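Report on the following structure.
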Amino acid sequence: MKKISAVIITFNEEKNIKRCLDSLNGVADEIVVVDSFSTDKTKKICSGYNNVSFYQNPFTDYSQQKNYANSLAKNKFILSIDADEAISPELKTSILKEKEKGFPENAYLFSRLVFYCGKKIKYTDWYPDIKLRLWNKEIGKWEGALHENVQLNQNIKPKQLKGVLYHYTFHTIAQHIAQINKFTDIGAEVAFKKNKKVSLPMIYLKSEWKFISSYFLRLGFLDGYYGYVICRLSAQATFIKYIKLRELNKNSGAN
């Protein structure tokens with residue numbers, strides 16, 4: 001039977017890491033954690049698990065850190081999971097069935113279900129959030145500095161498994177807003193390095209369309225109050241990213 005290496009990158013994840021590690025029980029043959037020098041109890045919690053190998057490495061970007069973590073894994077098949085995620089019982093069963101068959105496919109997709117301020121989000125752009133998270137590391141790696149994705153280097157069609165990957169995202173709206181500020185900085189820098197430019201009318205249209213598509217077309221209104229908050233903040237994030245890009249271009253003399 002082929003074995004699985006679960007791989008996690010962390011930074012100050014004491015509130016999430018135990019739930020994540022517990023969900024991997026019976027699925028992962030080894031767990032590799034690469035930490036960006038947390039200052040909380042993340043390392044202490046991980047040390048309580050016999051099958052966890054804990055490493056520390058300076059953070060450059062998400063893809064670099066995840067690829068470094070994958071390089072430390074002993075097994076070919078990587079199960080990549082974030083510290084604020086957990087495998088649902090149904091997804092666990094699906095993974096184990098594939099494992100028993102020796103992984104007839106080289107890559108597998110999961111649907112991700114978000115918990116936002118404690119509420120399941122079943123609509124908006126956030127569900128179903130399909131991710132490639134289980135694959136043979138010899139045929140793919142992470143790419144992208146911000147919204148990183150696994151890029152397969154062979155013409156392979158991944159198989160979607162039944163069950164969901166739980167994502168315990170923001171516990172408060174303030175956390176969401178703080179992350180928007182952080183991620184829009186990164187997103188604007190990436191776009192700037194690619195010489196992208198955007199006009200003020202386009203900024204308006206992109207941000208308004210983000211809200212309309214997520215709230216109405218993707219039925220975000222069915223998620224109630226938090227559905228509205230998510231859709232409105234997502235639109236605001238689009239606006240902020242492009243405003244920051246415009247400022248970078250302006251300060252460089254390009255706009």
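The values are calculated or read from the model by the stated rules, or taken from the named source; none is laboratory data. Not measured: the values here are computed from a predicted model. Cβ sites come from the backbone with ideal geometry, for glycine too, and all protein chains shown count toward neighbours.
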**Asked** Given Tyr127, Tyr123, Tyr55, which one is in contact (Cβ under 8 Å) with a residue 40 or more places away in the chain and among the aromatic types (Phe, Trp, Tyr)?
**Response** Tyr123
**Prompt:** Just for segment 93-104: of the residues that are over 11 Å from Phe77 (Cα atoms) and either crowded, with 16+ Cβ neighbours inside 10 Å or among the aromatic types (Phe, Trp, Tyr) (or both), which one is farthest from the chain's Cα centre (by Cα)?
**Reply:** Glu98
**Message:** With the requirement that a residue be out of contact with any Lys or Arg (no Cβ under 7 Å at 6 or more places or on another chain) and touching a residue at least 12 places away in the same chain (Cβ under 8 Å), what does segment 205-216 give you?
**Reply:** Lys206, Ser207, Glu208, Lys210, Ser213, Ser214, Tyr215
**Message:** With the condition being closer than 27 Å to Gly220 by Cα, I'd like the strands (runs of 3 or more DSSP E) fully within segment 57-156 carrying at least 3 qualifying residues.
**Reply:** 85-87, 107-116, 119-121, 129-136
**Request:** Identify all residues within segment 23-56 that are in a helix (DSSP H, G or I) and not hydrophobic (A, V, I, L, M, F, W, C); write none if there are none.
**Result:** Ser23, Thr42, Lys43, Lys44
**Prompt:** Out of all the residues in segment 133-160, which are among the small types (Gly, Ala, Ser) and in contact (Cβ under 8 Å) with a residue 40 or more places away in the chain?
**Reply:** Gly144, Ala145
**Given (1) loosely packed, with under 15 Cβ neighbours inside 10 Å; (2) among the polar types (S, T, N, Q); (3) assigned to a helix (DSSP H, G or I), index of the condition Asn195 fails** = (3)
**Complete:** Taking segment 140-155 and keeping only residues that are in contact with a strand residue (DSSP E or B) (Cβ under 7 Å, 6 or more places away or on another chain) and either surrounded by 15 or more Cβ atoms within 10 Å (Cβ to Cβ) or not assigned by TED's automatic domain parsing to the domain that holds Leu79 (or both), one is left with Gly140, Lys141, Trp142, Glu148, Val150, Leu152
**Single residue of Asp185, Asp223 found to be within 29 Å of Lys92 (Cα to Cα), outside any loop (DSSP other than H, G, I, E, B), touching a residue at least 24 places away in the same chain (Cβ under 8 Å) and in contact with a Lys or Arg (Cβ under 9 Å, 6 or more places away or on another chain)** = Asp223
**Asked** From the list Leu165, Leu248, Leu217, which one is modelled with pLDDT of 95 or more and over 30 Å from Tyr108 (Cα atoms)?
**Response** Leu248
**Prompt:** Looking only at segment 108-122, which residues are surrounded by 19 or more Cβ atoms within 10 Å (Cβ to Cβ) and either of a type in the set (Val, Ile, Thr) or under 12 Å from Tyr226 (Cα atoms) (or both)?
**Reply:** Val114, Tyr116, Ile121
**Prompt:** In segment 2-17, what count of residues is obtained for those that are at negative phi and surrounded by fewer than 18 Cβ atoms within 10 Å (Cβ to Cβ)?
**Reply:** 5
